[in-house]
Amino acid sequence: MIAQAGTTKLLTDISIGQEEIVARFTNDLIGGKLMAMGLLPGTKVRVIRKAPFGGSWYIKAGNFYLALRKGEAASIVLK
């Protein structure tokens, strides 16, 4: 499936409380790590909290919560 330009965004682009669906990962190494933790494409994610000064991101993914570094959050592409 080919996404049209402008229909996807990164997890770091959405606001606190906003909910989106994971489409894919931009980094295979980080994506593999996140998928091993249960964050799979098709999972609904919601940003719960962002640390100040570009720190970590706290998200709800399905029925569990994850704390991600900014680089990990930036590798998650949403629909």
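Things to note:
Listed here are the residues, each with its yes/no results for (1) under 15 Å from Lys79 (Cβ atoms); (2) of a type in the set (D, E, K, R); (3) more than 10 Å from the chain's Cα centre (by Cα).
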{"position": "Ser15", "(1), (2), (3)": "no, no, yes"}
{"position": "Ile21", "(1), (2), (3)": "yes, no, no"}
{"position": "Trp57", "(1), (2), (3)": "no, no, no"}
{"position": "Lys60", "(1), (2), (3)": "no, yes, no"}
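- Count of residues meeting criterion [touching a Ser or Thr at 6+ places or on another chain (Cβ under 7 Å) and either touching a residue at least 60 places away in the same chain (Cβ under 8 Å) or within 17 Å of Arg69 (Cβ to Cβ) (or both)] in segment 23-46: 5
- In segment 6-25, the residue that is nearest to Trp57 (Cα to Cα) out of those that are part of a loop (DSSP other than H, G, I, E, B) and polar (S, T, N, Q) is Ser15.
- Scanning segment 30-79 for residues that are of a type in the set (D, E, K, R) and not in a strand (DSSP E or B) yields Lys33, Arg69, Lys70, Glu72, Lys79.
Bear in mind that the values in this text are calculations on the coordinates, not laboratory data. Remember, predicted model here, so these are calculated numbers, not experimental data. Methodologically, a virtual Cβ is constructed for each residue, glycine included, from the backbone with ideal geometry; neighbour enumeration extends over all protein chains shown.
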